[in-house]
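What follows draws every value from the coordinates through simple rules; no lab data is involved. Since this is a predicted model, take the numbers as computed values, not measurements. Quick reminder, even Gly has a Cβ in these numbers, built from the backbone with ideal geometry, and neighbours come from all protein chains shown.
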Amino acid sequence: MIRRSIALATAAGCAAIAAAVAYAPRIRAQQAPSTPMPIHQVPQAKDGGVVVMLCDGKTSMEVKGLKTGESMSHAQAVEVTRELMAKWQAEHPDEKWQMAQTDESSQPVPAPSAASGANVSKPSSNVPSMENTGKAPIKGQQQGDTYASFTDRDYKIWKNETDNFVAEGKKIFHSDKELGGTIGVSCDMCHPDASNTHPETYPKYQVQLQKVALLRDMIDWCIENPVKGKALDPNDPKLRALEAYILAQRKGVPLDYGKH
């Protein structure tokens, strides 16, 4: 009887192993990386320059004198992106540009003239601070006793860590080098202080990606296309920090997924 039990157990174990081995390819197939995001096709350069396109996948212009593999200076990139934004606005006169952390809409900043002397290289706002959004919850008044043991020191540590994480995202958002760009373009040049990114509307179908996208999918798409860099891994600290910064800029805005 004992021998028979051992034999049955061994047979069952072998069957389980065989089933697991047979099922493994299906698991690997399910976990296989998704197909690469589509890359928009920029118009062919007519004067030997490099064509730069906005993240709408349509509005573009050729930067004359810029050769493939070369990068613009920060000032040049700002001028180019502002000219592109002015072109976009001319083609969409009824559209308004939703600025970050406000209910007001404003038009894209027009390209500065040479006589204006405007400093276009300095970001205009500060990273939002949790200090301005209210006090830390009082101990014992959270969602139950689970949170009652947290101290004021805990909240200060969490706030500091969060603020630092958002600040890192802001730094990356404003730097073509941190983004891995190759032509000198950074995210803030078209989206000052993360304006008109609307993270509260994700997930939603994005025509450029030809699928329902998360915020990080659109960030990667913009890095690959307007910025002309390489998409970041989903777990890359830079991608996570960028996502945190963009979300922080819309604090208090109600979620409205799928909205366009």
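Compared with the direct C-alpha span, the chain from Trp158 to Val207 gains 13.9 nm at full extension, assuming 0.36 nm per residue. Under the simplified labelling scheme, the Ser149-Ile39 pair shows an inter-label distance of 5.3 nm, with each label point 7 Å from Cα along Cα→Cβ. Ordering of 186-198, 168-180 by packing is 186-198, 168-180, highest average first (other Cβ atoms within 10 Å, averaged per residue).
One chain, two ends: Tyr257 and Ser73. Fully extended at 0.36 nm per residue, the span grows by 62.5 nm beyond their Cα-Cα distance.
Extension gain, Glu95 to Lys58: 0.36 nm times the residue separation minus the Cα-Cα distance gives 11.8 nm. Packing, as the average of other Cβ atoms within 10 Å across residues, places the peptides 244-251, 204-211, 63-70 in the order 244-251, 204-211, 63-70, highest first. Give me the Debye-computed log₁₀ of I(q)/I(0) at q = 0.29 Å⁻¹ for region 205-260, equal point scatterers on Cα only, no solvent, two decimals. Calculated log10 I(q)/I(0) at the listed q: -1.24.
In terms of its C-alpha gyration tensor, region 162-260 has an oblate overall shape, because the principal axis ratio a/c (a ≥ b ≥ c, square roots of the eigenvalues) is not below 1.5 and a/b does not outweigh b/c.
Cα-Cα over 29 Å: which of Lys177/Lys251; Lys171/Lys251; Lys58/Lys159; Lys46/Lys87; Lys46/Lys211; Lys156/Lys204? Over 29 Å Cα-Cα: Lys58/Lys159; Lys46/Lys211; Lys156/Lys204.
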